[in-house]
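Taking it in order: structure first as structure tokens, then the write-up.
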Amino acid sequence: MSGRNNYETGSKKISLTFYLMTVPMAILFFIFHTIPFLRGVFYSFTDWKGFGNWHFVGLRNYGYMFSNADIGSAYGFTFKFAVFATIFVNVIALLIALGLTSKIKFQNTLKAVYFLPYMLGTLIVGFIFNFIFGNLLPDLGKTLHWSFLTTNILGTSHAWIGILIVTIWQGLAFNTLIYMSGLQSVSPELYEAASLDGAGAWKKFWRITFPLIAPFFTINLVLSVKGYLMVFDQIMAMTSGGPGNSTTSISVLIYTQGFQGLQFAIQSANAVVLFLIVAGVFLFQLNVLNKREDRIEN
């Protein structure tokens, strides 16, 4: 009988392997993700400090959030950082992908070089660039008499630019890989036909390449915004939110104030708001970009 390794549901047979692979993962996901998330939502309506007793306070924590200058500043910085990082990462990654999929020498070697940053841990990369910005570049600036390099950028009001550079450098690898996958799916015959019609390089890109890789553009844009709205590792490794609070993102504020500032309940509310913002932006992007894809295809 075939029912020995399969469960039969109507006319369909579902393999036992499916349950063995998915059910344990679903249980672990529920235990280590869903339950902590729901507990965080619960504590956002209390005055719990992370220990001891607690009492329900209703929406007081959420009201405090919208009246606190530090939280407002963290949201402002996070949105600014996410916008700049998303734009630069996607533009540069697309240009690199176009170069790597063209007929150039050492193509495979260059692919490995560009992908290397993605293989390194984010904290490790942050510590390395912390040393570069704090020691190597100032020494180089003094040697070359370039005054703009003699100061560690991470200790100035432009520290966020240093973090942005590192974030872009490390984020290029994944985005480039996605764009390369899209570019390789475009049939060369389309370019040959366009060349016969007298189309130039820009017209080929705008009329053929970009419309056909639109789904890959959507994937990269959605993942980039989601990731950069929750930026944490790079900041903790390079500035810890400083100087002052100038590079404190929402995630960094939740961590520092929640676990070190005895604001567990308040920052739980902050985390809930961040989740709603990320989910809202995610759904908005998918809706807008999917409609754009449909217009391109039609």
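The values are calculated or read from the model by the stated rules, or taken from the named source; none is laboratory data. For clarity, every value in this text was computed on a predicted model and none was experimentally measured. A quick note on method: Cβ atoms are made from the backbone with ideal geometry, for glycine too, and the neighbour counts reach across all protein chains shown. Side chains included, ligands, DNA and RNA excluded: accessible areas come from the protein's heavy atoms. Shrake-Rupley method; radii C 1.70, N 1.55, O 1.52, S 1.80 Å.
hydroxyl-bearing (Ser, Thr, Tyr), more than 17 Å from Thr101 (Cβ to Cβ) and in contact (Cβ under 8 Å) with a residue 60 or more places away in the chain: does that describe Thr167? Taking the combined requirement at face value, the residue satisfies it. For the stretch 63-72, taking the residues that are in a helix (DSSP H, G or I) and open to solvent by 20 Å² or more (accessible area, probe 1.4 Å), the one that is modelled with the lowest pLDDT is identified as Phe66.
Would you check if there is a residue in the stretch 221-232 being closer than 28 Å to Ile153 by Cβ, hydroxyl-bearing (Ser, Thr, Tyr) and at pLDDT 90 or above? Yes, that holds for at least one residue. Residues in the stretch 133-141 include at least one that is under 26 Å from Ser224 (Cβ atoms) and either of a type outside the set (Phe, Trp, Tyr) or at pLDDT 90 or above (or both).
Might you check whether a residue that is at pLDDT below 90, touching a Gly at 6+ places or on another chain (Cβ under 9 Å) and either exposed (fewer than 13 other Cβ atoms within 10 Å of the Cβ) or not aromatic (Phe, Trp, Tyr) (or both) occurs anywhere in the stretch 108-117? Within the stretch 108-117, one or more residues are at pLDDT below 90, touching a Gly at 6+ places or on another chain (Cβ under 9 Å) and either exposed (fewer than 13 other Cβ atoms within 10 Å of the Cβ) or not aromatic (Phe, Trp, Tyr) (or both). Every condition in (1) free of Cβ contacts under 8 Å to residues at least 60 places away in the same chain; (2) farther than 30 Å from Leu262 by Cα; (3) within 24 Å of the chain's Cα centre (by Cα) is met by Leu98 except one, and the failing one is (1). In summary, no helices (runs of 4 or more DSSP H) completely within the stretch 102-195 bear 2 or more residues that are closer than 24 Å to Phe84 by Cα and touching a strand residue (DSSP E or B) at 6+ places or on another chain (Cβ under 6 Å).
So that you can scan it fast, the table gives a plain yes or no per residue for (1) under 30 Å from Asn175 (Cβ atoms); (2) open to solvent by less than 80 Å² (accessible area, probe 1.4 Å); (3) modelled with pLDDT of 90 or more; (4) not in a helix (DSSP H, G or I):
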| residue | (1), (2), (3), (4) |
| --- | --- |
| Met21 | yes, no, no, no |
| Leu38 | no, no, yes, no |
| Asn53 | no, no, no, yes |
| Asn61 | no, yes, yes, no |
| Ala74 | yes, yes, yes, no |
| Phe84 | yes, no, yes, no |
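Close Cβ contacts (under 7 Å, 6 or more residues apart or on different chains) running from residues in the stretch 34-52 that are more than 16 Å from Gly261 (Cβ to Cβ) to residues that are open to solvent by 80 Å² or more (accessible area, probe 1.4 Å) comprise Phe45/Phe56; Thr46/Trp54; Thr46/His55; Thr46/Phe56.
Residue-wise test of (1) part of a helix (DSSP H, G or I); (2) in contact with a strand residue (DSSP E or B) (Cβ under 8 Å, 6 or more places away or on another chain); (3) open to solvent by less than 40 Å² (accessible area, probe 1.4 Å).
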residue: Phe217; (1), (2), (3): yes, no, no
residue: Val222; (1), (2), (3): yes, no, yes
residue: Met236; (1), (2), (3): yes, no, no
residue: Gly244; (1), (2), (3): no, no, no
residue: Val252; (1), (2), (3): yes, no, yes
residue: Gly261; (1), (2), (3): no, no, yes
residue: Phe282; (1), (2), (3): yes, no, no
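May I ask you to list the residues in the stretch 161-188 that are hydroxyl-bearing (Ser, Thr, Tyr), under 16 Å from Leu95 (Cα atoms) and buried (at least 21 other Cβ atoms within 10 Å of the Cβ)? Of everything in the stretch 161-188, those that are hydroxyl-bearing (Ser, Thr, Tyr), under 16 Å from Leu95 (Cα atoms) and buried (at least 21 other Cβ atoms within 10 Å of the Cβ) turn out to be Thr176, Tyr179.
Would you check if Phe79 is surrounded by fewer than 19 Cβ atoms within 10 Å (Cβ to Cβ), assigned to a helix (DSSP H, G or I) and in contact (Cβ under 8 Å) with a residue 12 or more places away in the chain? Answer is yes for this residue.
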